[in-house]
Amino acid sequence: MLIPEILDTFRDLLQEAHDANDPEPTAMTLATADGAGRVSARIVLLKGVDKRGFRFFTNYESAKGAQLSAHPQVALCFHWKTVRHAVQVRVEGRSEHLSADESDAYFATRPRMSQIGAWASKQSRTLPDRDTFEARVAQYEREVEGGEVPRPPHWGGVLVVPDKVEFWYGEEYRLHERVCWEYDDEHWQSRLLYP
Ligand SMILES: Cc1cc2nc3c(=O)[nH]c(=O)nc-3n(C[C@H](O)[C@H](O)[C@H](O)COP(=O)(O)O)c2cc1C
């Protein structure tokens, strides 16, 4: 469970990034590893944060989905260039699927074509050509014509439950400030790190 001190700092910085016209303030790098320890990273969008952790949505059968199943430990990294002298937030923790109800609720807010795309895209698997994908989109459009689009069972939310959060504040001459929070199964404790 995130304590208010960490959550409020994160939310304030995210708000500052919005206010400072960061083009994609919720974009975060998500690093995952497979069972053999091979690491990969990509951008996903933060869709919520609360005391339970950080959440994003994806295809559970994608490459990252398979890695999360094999190895739930993940890392997130935000970088807001337009906040102060630049800010980085690093998060480490364990991932778990959000409940079906929470995934349904978010899926229902998505634009209809994005909902159809979630059915049509076999995310991360080989696509022989673009026409094949467009045909799948058209096929699902026909199937759901006139009705609501249900959430695909393979698509939903992921919660990252953090046990480490670092706030990095850029300073001149690389004399940056780093505040590292760690959870030891009972308490969150902070310490400063050399830059
Ligand atoms: C700005 C941006 C936002 C993205 N947001 C998401 C997202 O929220 N969820 C997602 O699954 N992929 C998102 N993607 C695509 C991922 O970076 C990635 O290509 C895709 O999820 C497949 O990754 P994988 O093959 O490692 O599973 C986003 C890409 C960019 C550039």
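The residue that is farthest from CYS77 (Cα to Cα), counting only those in the range 30-60 that are near the ligand (Cβ under 9 Å from one of its atoms) and touching a residue at least 40 places away in the same chain (Cβ under 8 Å), is ASN59.
Say whether the condition of being open to solvent by 10 Å² or more (accessible area, probe 1.4 Å), polar (S, T, N, Q), more than 18 Å from HIS97 (Cβ to Cβ) and modelled with pLDDT of 95 or more is met by at least one residue in the range 55-73. No; the residues of the range 55-73 include none that is open to solvent by 10 Å² or more (accessible area, probe 1.4 Å), polar (S, T, N, Q), more than 18 Å from HIS97 (Cβ to Cβ) and modelled with pLDDT of 95 or more.
Given the structure, is LEU68 of a type in the set (A, V, I, L, M, F, W, C) and within 6 Å of the ligand (Cβ to nearest atom)? In short, no.
Counting only residues that are closer than 21 Å to PHE107 by Cα and not in a loop (DSSP other than H, G, I, E, B), the range 135-151 holds 8 of them.
Taken over the range 1-14, residues that are open to solvent by 90 Å² or more (accessible area, probe 1.4 Å) and either over 23 Å from PHE57 (Cα atoms) or over 17 Å from the mean Cα position of the chain (by Cα) (or both) amount to 3. When each of ALA120, ALA105, ALA138 is tested for being free of Cβ contacts under 8 Å to residues at least 24 places away in the same chain and surrounded by 16 or more Cβ atoms within 10 Å (Cβ to Cβ), the lone residue that passes is ALA120.
The values are calculated or read from the model by the stated rules, or taken from the named source; none is laboratory data. In this text the structure is predicted, and so the values were computed from the model without any measurement. Glycine also receives a Cβ, built like all others from the backbone with ideal geometry; neighbour counts cover every protein chain displayed. What goes into the accessible areas is simple: the full protein's heavy atoms, side chains included, and nothing from ligands, DNA or RNA. Shrake-Rupley method; radii C 1.70, N 1.55, O 1.52, S 1.80 Å.
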